[in-house]
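Q: The following block contains the structure, expressed as structure tokens.
Every number in this text was worked out from the coordinates using simple rules, so none of it is lab data. Since the model is a prediction, treat every value here as computed from it, not as a measurement. Neighbour counts run over all protein chains shown; Cβ positions are idealised from the backbone, glycine included.
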Amino acid sequence: MAPTIYFVRHGETDWNAEGRLQGQRDTSLNDRGRRQADEVGRFLPDLVPGFAELDYVASPLSRTRETMERLRAAAGLPVDDFRRDERLREVSFGIWEGMTWKEVRSRDNAGAAARDKDRFGFMPRNGESYVMVVERLRPFIVDITRDTLVVSHGGVARALLTMLTDLSTAEAPSVPIWQGRVLVFRDGAAHWTPES
């Protein structure tokens, strides 16, 4: 049986609130994002028996590291006792990073139209496609040997959904990835906890 992955998207940032594409830009949590991280840490002991024995790993970006630190503190765990893994970085939106979707459509309408036709395979200039993120994540998944809590990004979650469940590459880019909740990957399926 494959290990269970408890996936946490980083808490909210000002760019999330503004609808800006962050990608690999190193943005910080806002106050709401800090509260979301704390909340996950408070319900973690009830969600996962033996939560202290999980492997904990995060994307190296500031918003994911702070989310991990805050959730661990709220769960009563040593704040900095987790691994960082470059493979968990968000999908790069290249030249689109920092823009809203409205700005993307205004400044690069041809690129936006191409993405609309193939959201999983499209790669913005100087960026990545979800297909590339899947390839980046394959060795990470192979390396997981025990139940693991991952703090990463929405694009990474969508890639994992196509890798670890039967969700199609056509469906995955439209799946909402919630902040302040946990997406549990277990036995070829995924579900959100706590339920909203």
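Q: Extent of the chain along each principal axis, from alpha carbon coordinates, in Å, largest to smallest?
A: The Cα atoms of the chain stretch 50, 37, 30 Å along the principal axes, largest first.
Q: I'd like the Karplus ³J(HN,Hα) series for the range 35-49: coefficients 6.51, -1.76, 1.60, θ = phi - 60°, whole numbers in Hz, and an x wherever there's a Gly or Pro.
A: 5, 4, 4, 4, 4, 4, x, 5, 8, 4, x, 7, 6, 10, x
Q: Note down the relative contact order for the chain as a percent, whole number, built from C-alpha pairs under 8 angstrom at least six residues apart.
A: Taking the mean separation of contacting Cα pairs over the length of the chain, I get 33 percent.
Q: Nearest 10 degrees is fine. How inclined is helix 62-74 to the longest principal axis of the chain, computing both from alpha carbons?
A: The answer is roughly 20 degrees.
Q: Of the trypsin sites (Lys or Arg not before Pro) in the range 5-37, which ones lie in a loop per DSSP and count no more than 12 other C-beta atoms within 10 Å?
A: Sites meeting the loop and neighbour criteria: none at all.
Q: Please determine, in degrees from 0 to 90 and to the nearest 10, the orientation of helix 154-164 with respect to the longest principal axis defined by the Cα atoms of the chain, where the helix direction is its Cα long axis.
A: Roughly 70 degrees between the two axes.
Q: Of all DSSP beta bridges located in the range 1-155, what percent are antiparallel, nearest 5?
A: 15
Q: Please work out the FRET efficiency for the pair D81 and V131, using the Cβ-Cβ distance as r and a Förster radius of 22 Å; give the result to the nearest 0.05.
A: The calculated FRET efficiency here is 0.05.
Q: Return the whole-Å distance between the Cα centroid of the range 10-56 and the Cα centroid of the range 135-177.
A: 17
Q: Amide H of A58: which non-local residues (sequence gap of 5 or more, or other chain) have their own amide H closer than 5 Å, using H built in the peptide plane?
A: R83, R84, D85, V151
Q: Taking the Cα centre as origin and putting +1 on Lys and Arg beta-carbons and -1 on Asp and Glu beta-carbons, what dipole magnitude results for the chain, to the nearest 20 debye?
A: 460
Q: In whole Hz, what ³J(HN,Hα) sequence does the range 108-124 give by Karplus (6.51, -1.76, 1.60; θ = phi - 60°), x for Gly and Pro?
A: Each residue's phi maps through the Karplus curve to give 9, 4, 5, x, 4, 5, 5, 5, 4, 7, 8, 5, 7, x, 6, 10, x Hz.
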